[in-house]
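As C-alpha cells, the structure follows; a few thoughts come after it.
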Amino acid sequence: MTQAKRVLEYLESGKTITTLNAFKELGITRLAARVYELKCDGHEVKKNTITVANRFDENCSIAEYYMEN
C-alpha cells in the first residue's frame with residue numbers, strides 16, 4: 001500500500017490528521033506531499049490551520065487535514 005493510500009483511508013474513516021499524527025500512527029514524514037498527491041488525483045482534502053503549543057510552550061500554527069463525509 002502506498003503512503004498516499006494510507007493517508008486516504010485514514011481521512012476517509014472520518015479522522016483528522018496532522019504531521020505529528022501521520023508520523024506516529026502511519027510512519028509518514030512528508031504528509032503535505034501525500035496530501036498534494038491525493039489532491040492531484042481528485043480527492044477533496046481540506047485543511048484547517050490550528051494553533052498549538054510547542055515543547056517550549058510557545059504558540060505555533062500547524063495544518064490539520066480532513067475530508068468531509
Pairs under 7 Å by beta carbon, first residue without any contact (Cβ under 8 Å) to a residue 12 or more places away in the chain in region 1-25, partner part of a loop (DSSP other than H, G, I, E, B), six or more apart or different chains?
-> 23/29
Looking at region 9-20, which of its residues are under 18 Å from residue 48 (Cα atoms) and either of a type in the set (D, E, K, R) or touching a strand residue (DSSP E or B) at 6+ places or on another chain (Cβ under 9 Å) (or both)?
-> 10, 11, 12, 14, 15, 16, 17, 18, 19, 20
Pick from region 20-59 the residues that are of a type in the set (A, V, I, L, M, F, W, C) and over 23 Å from residue 1 (Cα atoms): which of them is surrounded by the fewest Cβ atoms within 10 Å (Cβ to Cβ)?
-> 56
Of all residues in region 42-51, count the ones that are assigned to a loop (DSSP other than H, G, I, E, B), within 10 Å of the chain's Cα centre (by Cα) and free of Cβ contacts under 8 Å to residues at least 24 places away in the same chain.
-> 0
Residues of region 1-41 classified as among the polar types (S, T, N, Q) and either farther than 17 Å from residue 63 by Cα or assigned to a helix (DSSP H, G or I) (or both), total = 5
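Where a number appears in this text, it was derived from the coordinates with a stated rule and is not lab data. Since the model is a prediction, treat every value here as computed from it, not as a measurement. Note that each Cβ is placed from the backbone with ideal geometry, even for glycine, and that neighbours are counted across all protein chains shown.
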